[in-house]
Amino acid sequence: MNNAIEISGLRKQYRNFLLDNISFSVPAGFVCGFIGENGAGKTTTLKLILGMAMKDGGSIRLFGRPADEVSLKEDIGVLFDQPYYQEEWTPADIEKAMRPFYKKWSSTAFCQYLERFSLDRKQKYKTMSRGMKIKLGMAVTLAHDSKLLLLDEPTSGLDPVGRDEILGIFRDYMVEENRTIFFSTHITSDLEKIADYITYIKAGKLIYSGLKDELTDRYCLVRGGTGDLPQTKRKQILGLREYPGGFDGMIETKFIAGFNANVITETVTLDDIMVRMSREA
């Protein structure tokens, strides 16, 4: 399987933060969600991939080539949580500014996305809502036929209807073969709808990178009453919470045996995993 992104031993040291020896890959043709708490290193990783920050160690390859090759920029679409354009510009002005940088820029596609998002070509950027600005950024990102989308919180600040609209755009984008999306988000319910793979980092360290379903199948929630928690199980439960009348927590499914019949098990969500991992820390 070809990889759209290959990261090996990536390291970046800041004064109060260390991205510590991160290694993972994203197969071409899939959607990969990038999750972690605020300050975990998601935006730092994206900036390193894009050459917006200098790495202190490791390697980054895109489509099998060093990420710093200038020619690769043509195949990458980028959108951070806040698109930055001149406040007085309109979408028409933004197209004039962006079009010269991309050989495959399509004015037709750009206009189609503006129409799909109900954006006025003559409206000034400063008068747009946050949701409108995100949609405009998506229109720019998708207008030059990129093979890889690198997105930082693309659905942040959107209402459920707007988020569903963006996810619909992602699904349409992925219809063509060998297109890849790598995007960070705190809205894990979006990932559960569309992501194939998950990369999870915590405090600058890689926790998991692989198929989403393998991650959620690895754990389950457990809860029971007072006296239902064997002493031997305490260390196996992540984010254990005890309260008058019982307990709850998350445990690897391979450790389920050993509880009595009163203990209830439930499937986990990505939110559950992040919350219980955080409690464990």
What number in nm² do you get for segment 57-111 if you take the convex hull of its Cα atoms and divide its surface by four? 5.5 nm²
Using 1/(1 + (r/R0)^6) with R0 = 22 angstrom and r between the beta carbons of Asp164 and Glu192, what's the FRET efficiency to the nearest 0.05? 0.95
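Could you calculate the contour length gain from Asp217 to Phe255, that is, 0.36 nm times the residue separation minus the distance between their Cα atoms, to one decimal place in nm? Don't skip to the end; give the middle numbers.
Values: separation 38, 0.36 × 38 = 13.68 nm, distance 1.28 nm.
Result for the pair: 12.4 nm of gain on full extension.
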Against the 2.2 N^0.38 Å rule of thumb, the C-alpha Rg of segment 1-150 sits at a ratio of 1.14
Restricting to Cα pairs under 8 Å and 6 or more apart, the percent relative contact order of the chain works out to 21 percent
Return the equivalent ellipsoid semi-axes of the chain as a descending list in whole Å, where each equals the square root of 5 times an eigenvalue of the C-alpha gyration tensor. 39, 22, 17
Computed over the Cα atoms, what is the radius of gyration of segment 4-76 divided by 2.2 N^0.38 Å, N being its residue count? 1.08
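Tell me, what is the Rg over Rh of segment 188-268, with Rh the Kirkwood radius over Cα pairs?
On the way: Rg = 14.5 Å, Rh = 14.1 Å.
The Rg/Rh ratio comes out at 1.03.
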Largest to smallest principal axis extent of the C-alpha atoms in segment 122-233, angstrom: 67, 34, 27
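Kindly flag which residue pairs out of Lys42/Lys135; Lys55/Lys193; Lys47/Lys235; Lys12/Lys254; Lys55/Lys235; Lys12/Lys103 have an alpha-carbon separation exceeding 31 Å in this structure.
On the way: Lys42/Lys135 22 Å; Lys55/Lys193 33 Å; Lys47/Lys235 37 Å; Lys12/Lys254 35 Å; Lys55/Lys235 37 Å; Lys12/Lys103 33 Å.
Checking Cα-Cα distances, Lys55/Lys193; Lys47/Lys235; Lys12/Lys254; Lys55/Lys235; Lys12/Lys103 exceed 31 Å.
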Place +1 on the Cβ of every Lys and Arg and -1 on the Cβ of every Asp and Glu in the chain, take the dipole about the Cα centre, and give the residue among Tyr243, Leu10, Gly29 whose Cα lies farthest towards its positive end. Leu10
If all Cα-Cα distances of segment 233-281 are sorted into 10 Å bins from 0 onward, what percent lands in each bin, rounded to whole numbers? 23, 60, 17
At a 1.4 Å probe radius, carbon and sulfur cover how many percent of the accessible area of segment 181-245? 50 percent
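To the nearest 500 deg cm²/dmol, what mean residue ellipticity at 222 nm is calculated for the chain from DSSP H runs of n ≥ 4 alone, each contributing -39,500 (n - 2.57), summed and divided by the residues? Each step should come with its number before you reach the end.
On the way: 8 runs with 79 residues, N = 281.
That comes out to -8000 deg cm²/dmol.
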State the extension gain, in nm to one decimal, for the chain segment bounded by Glu87 and Thr232, taking 0.36 nm per residue of separation less the distance between their alpha-carbons. 46.1 nm
From the residues Val222, Ile181, Met132, which one has its Cα farthest along the dipole of segment 98-237 in the positive direction, the dipole being from +1 and -1 charges on Cβ of Lys/Arg and Asp/Glu about the Cα centre? Met132
Fraction of accessible area attributable to carbon and sulfur, segment 53-137 (%, probe 1.4 Å): 52 percent
In Å and from the alpha-carbon atoms only, list the Rg and Dmax of segment 131-176. 10.3, 28
How big is the charge dipole of segment 130-234 about its Cα centre, in debye rounded to the nearest 20, if each Lys and Arg gets +1 on its Cβ and each Asp and Glu gets -1 on its Cβ? 540 debye
Which percent, nearest 5, of DSSP beta bridges in segment 124-274 are antiparallel? 80 percent
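Just the number, please: percent antiparallel of the DSSP beta bridges in the chain, rounded to the nearest 5. Walk me through the numbers before you get to the answer.
Numbers: 36 of 53 bridges.
Once the DSSP bridges in the chain are tallied, antiparallel ones form about 70 percent.
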Length-normalised contact order of segment 1-75, Cα under 8 Å, at least 6 apart, in percent, tallies to 38 percent
Contact order normalised by residue count of segment 1-156, Cα under 8 Å, 6+ apart, percent: 25 percent
Whole number in Å², please: accessible area per residue of segment 28-179, 1.4 Å probe, ligands, DNA and RNA not counted. 48 Å²
Which of these, Arg15, Arg121, Arg171, has the largest mean-square fluctuation under a Gaussian network model of the chain (Cα springs below 10 Å)? Arg15
For segment 66-164, compute Rh as the Kirkwood radius over C-alpha pairs and then the Stokes-Einstein diffusion coefficient at 37 °C and 0.692 mPa s; write the answer in µm²/s, rounded to an integer. 237 µm²/s
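The values are calculated or read from the model by the stated rules, or taken from the named source; none is laboratory data. Quick caveat: nothing in here was measured; it's all calculated off a predicted structure. We place every Cβ from the backbone using ideal geometry, glycine too, and count neighbours over all the protein chains shown. Please note that ligands, DNA and RNA were not included when accessible areas were found on the heavy atoms of the full protein model with its side chains. Shrake-Rupley method; radii C 1.70, N 1.55, O 1.52, S 1.80 Å.
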